[in-house]
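Enquirer: Here you go, one structure.
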Amino acid sequence: MEDIDEKRRKEFKNYELEKEHLRRKELEQMDEVKRAEAEKKHDEQKKKHADHPKLHHPVSQLVRQWRWPSQTTSPGESVSETVALAVPNCITR
């Protein structure tokens, strides 16, 4: 399993390096105006990807309130949270 995971990481790293290499190669062929526009667009994309909303932990209070909004008691009182979260949405709602 660890070998597969290591292989996947290496493939992803090579993919990212190849993508960056192609981007820089394209920038070399552009004139200065188009290059500046492309760099600005690339920086905006990087900023957009970096500023994504925070993901909540699966058993946080906010997620429990979202998952069981109509119940006054949380399902953790009658059913363990691990079991309750494993049940598909179509059954719990």
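The values are calculated or read from the model by the stated rules, or taken from the named source; none is laboratory data. This structure is a prediction, so every number in the text was calculated from the model and none was measured. No Cβ is skipped: glycine too gets one built from the backbone with ideal geometry, and neighbour counts run over all protein chains shown.
Enquirer: So the check is Cβ under 8 Å with 6+ separation or different chains; which pairs have a first residue in the range 33-50 that's within 15 Å of Glu20 (Cα to Cα) and a second one that's surrounded by 10 or more Cβ atoms within 10 Å (Cβ to Cβ)?
Expert: Filtered contacts from the range 33-50: Arg35/Leu27; Ala38/Glu26; Ala38/Leu27; Ala38/Met30; Glu39/Leu27; His42/Arg23.
Enquirer: Right, here's the next one. If I go through the range 25-37 residue by residue, how many of them are of a type in the set (Lys, Arg) and surrounded by fewer than 10 Cβ atoms within 10 Å (Cβ to Cβ)? It would help to see each step written out before you state the result.
Expert: Within the range 25-37, the subset of a type in the set (Lys, Arg) is 25, 34-35.
Next, only the ones that are surrounded by fewer than 10 Cβ atoms within 10 Å (Cβ to Cβ) stay: 25.
Residues flagged as of a type in the set (Lys, Arg) and surrounded by fewer than 10 Cβ atoms within 10 Å (Cβ to Cβ) within the range 25-37 amount to 1.
Enquirer: So which helices (runs of 4 or more DSSP H) stay within the chain end to end and still have 3 or more residues that are modelled with pLDDT of 60 or more and not small (Gly, Ala, Ser)? Break it down into steps so the answer makes sense when it comes.
Expert: Values: elements: 2-29, 32-50, 61-67, 81-86, 89-92.
Passing ranges, in order: 2-29, 32-50, 61-67.
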